[in-house]
């Protein structure tokens, strides 16, 4: 008797089994969203009731901080109308290619830079047309709150993000993605026509098993699963709906051009999911939320005006209630007293604690309120220095985004652009001689630091160089020592002996031309006059 072949697992069953590993991270994400932006993480099991039951946090520091940090980082990662990447080639490779072409290295470098710049501009225009910045900005909010977000780049629609409750991912110990599955809803008539009938039968079969009343097909929400599997030399991708595979969805991507971007804020070896920024500071945020609620309730209670009347006194409550503004009523002042909570000093303690926590959170979220200290006079240099310190605090985050997002985004967009141009562009991504360099984020912080070092170096040398020259000291020797103490590379800043000799020779030639040229012009003019006189005499004869 022949053995039955094992039934192939559907993507729905694979997704359900992977959800167990995701559940603890999803619970933490819901808790983090509760104190920041609750609408970002909603329970999909009963979304309508979940949306109705969303409670607004008692403070806006968390939401304000997340929005500020996301907008600041996205403008750094994807600056408008400006390339954040650069293609280049090693000097050794340029020299070898120039020798093969029979031209100098500088000529080859000039032509190479022109060609690479045109490709960079073409890729930037392609990215701007897709408006990926909007989707990436929303994805960053999920990254800070949930610690995880999944981005997929479609060649026609651009970036599309999936929150943590809409995707599952499996990584190896080193953090490389092995498999990822996304979940989304779709209508029946959005599917290809060749599979609509088969999917319809699956839906009716499922409804019959569940003994439910079948809805109209156009109102039925179907679940579409998309899987990304890592093979030895490529990425495999296909989609399923109700266990039916969509034939046109099958595709392959090169192993070094990942079709998705799975971001984690804090990566931990051995874990498939990351931890969020809010999770690290959930203690301060939740405590501030509790204090804000207590202060709000006490303020509302304190603002309520209730008058107490002595029941054994002469004053009648009815007379007081009926008396007009500015009118008269019989009674004694001692019989009427306002109700007071007398909690002013207790509220001052709570408010001071809340202010202290808010200042801490402002520094974490790089808010402007954390830059200026509480003082009557604050210098511009002090504000600039504090702002720079806050920006440098994001250095680790910039390095993660450079590796996990920016490079991956350039690779997948260039892959789709090259495909759109029908492979008319050179494959710069897979060319080992071409280097991809990110010019924003952490690189920008590095250039800003180098600029500050250079300004400091020039300021020091301006002060000490004149005194050294008067004493007959070696300016270059001191300059090298100052640069070494600042960890600044000044190679090529000073002229070498050969360059100085060439400059001296050039100066001598210029001086020689100044003296010789007028005499040569005068002699040449005299010769022309003599020739004219001779020609006139010949004509007269």
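Here, each number is a calculation from the coordinates, and none is a lab measurement. Computed from a predicted structure; not experimentally measured. Cβ sites come from the backbone with ideal geometry, for glycine too, and all protein chains shown count toward neighbours.
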Gyration tensor (Cα only) of the range 167-325 to equivalent ellipsoid, semi-axes in Å sorted down, yields 61, 30, 12
Put one equal scatterer on each alpha carbon of the range 281-370, apply the Debye formula with no solvent term, and list log10 I(q)/I(0) at q = 0.10, 0.12, 0.14, 0.20 1/Å to two decimals.
-0.49, -0.59, -0.66, -0.96
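As a footprinting exposure proxy, order 227, 61, 134, 333 by other Cβ within 10 Å, with the fewest listed first. Walk me through the intermediate numbers first.
Numbers: 227 18, 61 25, 134 12, 333 7.
Fewest to most other Cβ atoms nearby, the residues stand as 333, 134, 227, 61.
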For the range 62-178, average projected area of the Cα convex hull in nm²:
10.8 nm²
Most exposed first, judged by fewest Cβ atoms within 10 angstrom, 304, 30, 121 run 304, 121, 30
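Cut-off is 10 Å between beta-carbons; in what order do 285, 119, 255 appear when sorted fewest neighbours first? Kindly include the intermediate steps, with their values, before the conclusion.
Values: 285 23, 119 16, 255 12.
If I rank by nearby Cβ atoms, fewest first, I get 255, 119, 285.
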